[in-house]
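Following: one structure in structure tokens, then a few remarks.
The values are calculated or read from the model by the stated rules, or taken from the named source; none is laboratory data. This structure is a prediction, so every number in the text was calculated from the model and none was measured. Neighbour counts are summed over all protein chains in view; Cβ atoms, including those assigned to glycine, are modelled from backbone coordinates with ideal geometry.
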Amino acid sequence: MLKLYRMAGESIRIGDNILVMVFEIEHSRRVRIGVDAPGLKVDRGEKRKAEDAERESWRRNYAERVAKRR
């Protein structure tokens, strides 16, 4: 993993099409960033993790219901 230091107003380019921009740094703790990645889905990591857990729970429950019908 590449770690870079950026200040508000600075950006990082990834390839030709992806731009990550630092908009604001609040109280040296929270960073507001923008990601421009045409054609790619961009999510927060914790959101993706929660969605994956919910999807897995649904699959397990569905499999249990199908098994009970047999």
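Could you please let me know if residue 68 is surrounded by fewer than 10 Cβ atoms within 10 Å (Cβ to Cβ), at pLDDT below 85, within 20 Å of the chain's Cα centre (by Cα) and not in a loop (DSSP other than H, G, I, E, B)? So residue 68 fails the test.
Restricting the first member to region 23-45 and to residues that are of a type in the set (Lys, Arg), and the second to residues that are surrounded by 10 or more Cβ atoms within 10 Å (Cβ to Cβ), the beta-carbon pairs closer than 7 Å and six or more apart or on different chains are 32/23; 32/24.
Could you list, in sequence order, the residues of region 26-52 that are among the hydrophobic types (A, V, I, L, M, F, W, C) and modelled with pLDDT of 85 or more?
Initially, region 26-52 is screened for residues among the hydrophobic types (A, V, I, L, M, F, W, C), giving 31, 33, 35, 37, 40, 42, 50.
The answer is 31, 33, 35, 37, 40, 42.
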